[in-house]
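The values are calculated or read from the model by the stated rules, or taken from the named source; none is laboratory data. Since we're looking at a predicted model, the values are computed, not measured. We place every Cβ from the backbone using ideal geometry, glycine too, and count neighbours over all the protein chains shown.
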Amino acid sequence: MLGSDLVKVLSLPTGRYGSEHDIVGLSHRELDITNKKDVDICISNNKPDMVIHAAAYTDVDGCESNRDLAFKVNAEGAKNVASACRVIGSAMVYISTDYVFNGIKNAPYMEEDKTFSTNTYGESKLLGEEHVSSILKDYYIVRTSWLFGKNGKNFVETILRLAREKDELRIVNDQVGSPTYTFDLAKAIKVLISKRSFGCYHVSNQGFCSWYD
């Protein structure tokens with residue numbers, strides 16, 4: 001979902017000479033990030049200046065029942081990519097999540113707030129963050145929330161489908177976040193990487209709502 005929009009945005013022409021980026025977009029079928037050897041070969045052969053790592057196991061409930069898989073993809077996968085980037089001197093963007101926090105703060109979380117996840121998905125993504133920051137000097141960690149877009153499954157698409165199929169829906173109203181359009185996030189990442197100011201950033205659309213809203 002986000003990966004497709006990143007390819008579109010980064011391929012857009014920025015002047016008379018076209019796009020300023022040469023993009024290599026890979027699906028999970030083309031590169032298994034849990035296979036360190038394949039990751040090493042891919043990054044070594046392409047020699048990118050920067051790798052945007054958007055692959056993840058994002059099914060929060062699925063992560064609880066498949067804990068090993070969650071850590072294999074979200075933590076070890078990120079470690080594999082970061083290690084390969086270090087070998088060739090490439091920078092890296094790691095897409096993370098607001099689930100690295102426990103959600104009890106009654107205000108938006110800031111980058112300097114202490115992380116403390118209470119579920120497997122958040123724990124695995126947080127460990128991925130730690131791998132990236134310990135392996136690389138030049139990296140971005142981009143924490144975002146409640147992604148929706150034109151590609152792939154997401155909560156907004158699911159609710160719209162259920163609304164068409166059912167007369168009544170039961171939705172929780174105690175979970176609040178900032179729904180973020182993947183195309184907007186891709187544009188923000190493009191601006192961010194152009195500045196080469198590495199570090200951790202929280203990036204989402206403005207406003208907030210509950211799942212019920």
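A few points about this structure:
- The residues on offer are 151, 74, and the sole one that is within 21 Å of residue 6 (Cα to Cα), under 19 Å from the mean Cα position of the chain (by Cα), part of a helix (DSSP H, G or I) and not β-branched (Val, Ile, Thr) is 74.
- Counting the residues of segment 92-106 that are buried (at least 24 other Cβ atoms within 10 Å of the Cβ) and over 10 Å from residue 125 (Cα atoms) gives 1.
- Members of segment 105-122 that are over 18 Å from residue 95 (Cβ atoms) and acidic (Asp, Glu): 112, 113
- Pairing each residue of segment 1-30 that is farther than 20 Å from residue 58 by Cβ and in a loop (DSSP other than H, G, I, E, B) with any residue that is at pLDDT 70 or above and not acidic (Asp, Glu), provided the two are 6+ apart or on different chains, yields C-beta distances under 6 Å for 19/11; 19/13; 21/10; 23/7; 23/10; 23/11; 24/46.
- Condition check for residue 79: more than 29 Å from residue 205 (Cβ to Cβ) and in contact with a Leu (Cβ under 9 Å, 6 or more places away or on another chain): yes
- Where a residue in segment 108-127 is touching a residue at least 24 places away in the same chain (Cβ under 8 Å) and its partner, wherever it lies, is acidic (Asp, Glu), with Cβ under 7 Å and at least six apart: 109/98; 119/64; 120/64
- Qualifying residue in segment 45-68 (condition: part of a helix (DSSP H, G or I), surrounded by 15 or more Cβ atoms within 10 Å (Cβ to Cβ) and basic (Lys, Arg)): no
- Selection of first residues in segment 38-61 that are touching a residue at least 40 places away in the same chain (Cβ under 8 Å) and of second residues that are of a type outside the set (A, V, I, L, M) and part of a helix (DSSP H, G or I), restricted to Cβ pairs under 6 Å at least 6 apart or on distinct chains, gives the following pairs, ordered by first then second residue: 39/80; 51/85; 54/3; 56/74; 57/74; 60/121.
- Selection within segment 162-213 - at pLDDT below 95, surrounded by 10 or more Cβ atoms within 10 Å (Cβ to Cβ), over 14 Å from the mean Cα position of the chain (by Cα) and among the small types (Gly, Ala, Ser): 163, 177, 178, 194, 210
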